[in-house]
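One structure below.
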Amino acid sequence: MSSPAKLPVVVIACQVLQSMLEQMLPDDLAAQVTFMDYGLHRVPSKMTWNLQDAIDSVEEPSLVVLGYGLCGNGLNGIKAGNHTLLVPRTDDCIAILLGSRQAYLREFEAVPGTYYLSKGWLESGSHPLKEYEEYVEKYGPAEAEWIMDQQYQHYERLVLVTHNDTDTEKYRSQAQKVARYCERWGMRYQEILGSDDYVRRLVEVASALDRADGDFLVIPPGGEISQNQFIR
């Protein structure tokens with residue numbers, strides 16, 4: 001695969017990855033960088049058309065780097081249009097935060113029922129405790145508890161994923177507050193140091209597309225992202 005060296009690079013990514021991407025993106029690599037609201041994950045169909053609008057709004061044919069996994073099929077059906085799309089080949093951003101698909105599979109095999117927290121999720125207020133508080137406002141305590149039980153009763157573990165000790169210390173109290181709420185389902189709390197390897201490789205491939213391997217999807221102009229492309 002030859003690299004479209006003259007294509008401008010445009011990054012459209014979830015705000016969960018914002019801090020890592022901001023640290024790693026060379027100043028001269030991306031002509032445009034947009035971070036999308038994490039709340040889009042809650043309604044994958046909404047995520048689909050918001051991302052499609054963001055891609056379609058890029059006027060010049062570009063290499064559009066999507067900082068997302070498949071994310072509940074939120075990327076399914078996304079059309080490249082005039083652009084080339086570069087996408088991490090992961091089910092969601094957990095593998096990206098942990099550093100590799102292999103790291104994710106190790107954790108999944110150890111404890112399949114794991115809910116992950118990160119700096120980005122805590123900052124954007126997306127976690128079980130926040131959801132419960134929102135449901136109480138909408139439906140009242142009894143209905144809120146029923147909804148939450150349906151969503152989380154099968155989880156066994158709550159994991160805070162950070163990328164350095166400073167962030168672990170900074171976000172631990174928030175994570176532990178969520179963990180105390182999640183004890184109602186018997187979830188135990190754990191902290192894991194993730195890795196920026198996947199994001200680093202994403203930036204490297206964006207700089208030289210011929211470096212793309214099986215951990216990335218490259219969708220040519222006129223192509224479309226499909227769920228089947230993520231199956232290994």
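The values are calculated or read from the model by the stated rules, or taken from the named source; none is laboratory data. Since the model is a prediction, treat every value here as computed from it, not as a measurement. Neighbour counts run over all protein chains shown; Cβ positions are idealised from the backbone, glycine included.
When C93 is tested against (1) on the phi > 0 side of the Ramachandran plot; (2) modelled with pLDDT under 95, just one condition goes unmet, and that condition is (1).
Counting residues in segment 43-56 that are in contact with a strand residue (DSSP E or B) (Cβ under 6 Å, 6 or more places away or on another chain), within 20 Å of R200 (Cα to Cα) and either hydroxyl-bearing (S, T, Y) or not in a strand (DSSP E or B) (or both) gives zero.
Return the total of residues in segment 95-116 being among the hydrophobic types (A, V, I, L, M, F, W, C) and without any contact (Cβ under 8 Å) to a residue 24 or more places away in the chain. Explain how you work it out, then say what you get.
From segment 95-116, those among the hydrophobic types (A, V, I, L, M, F, W, C) are 95-98, 103, 105, 108, 110-111; that's our starting set.
Now drop any that are not without any contact (Cβ under 8 Å) to a residue 24 or more places away in the chain, which leaves 105, 108, 110.
Total satisfying the criteria: 3.
Candidates Y189, Y155, Y198, Y171: the one that is in a strand (DSSP E or B), among the aromatic types (F, W, Y) and within 22 Å of the chain's Cα centre (by Cα) is Y189. Within segment 9-46, the set of residues being without any contact (Cβ under 8 Å) to a residue 60 or more places away in the chain and within 16 Å of W121 (Cα to Cα) comprises A13, F35, M36, L40, V43. Restricting attention to segment 96-113, which residues are among the β-branched types (V, I, T) and in contact with a Phe, Trp or Tyr (Cβ under 7 Å, 6 or more places away or on another chain)? Residue satisfying the conditions is I96 alone. Residue selection: V203 fails the criterion of being in contact (Cβ under 8 Å) with a residue 24 or more places away in the chain, touching a Ser or Thr at 6+ places or on another chain (Cβ under 6 Å) and surrounded by 18 or more Cβ atoms within 10 Å (Cβ to Cβ).
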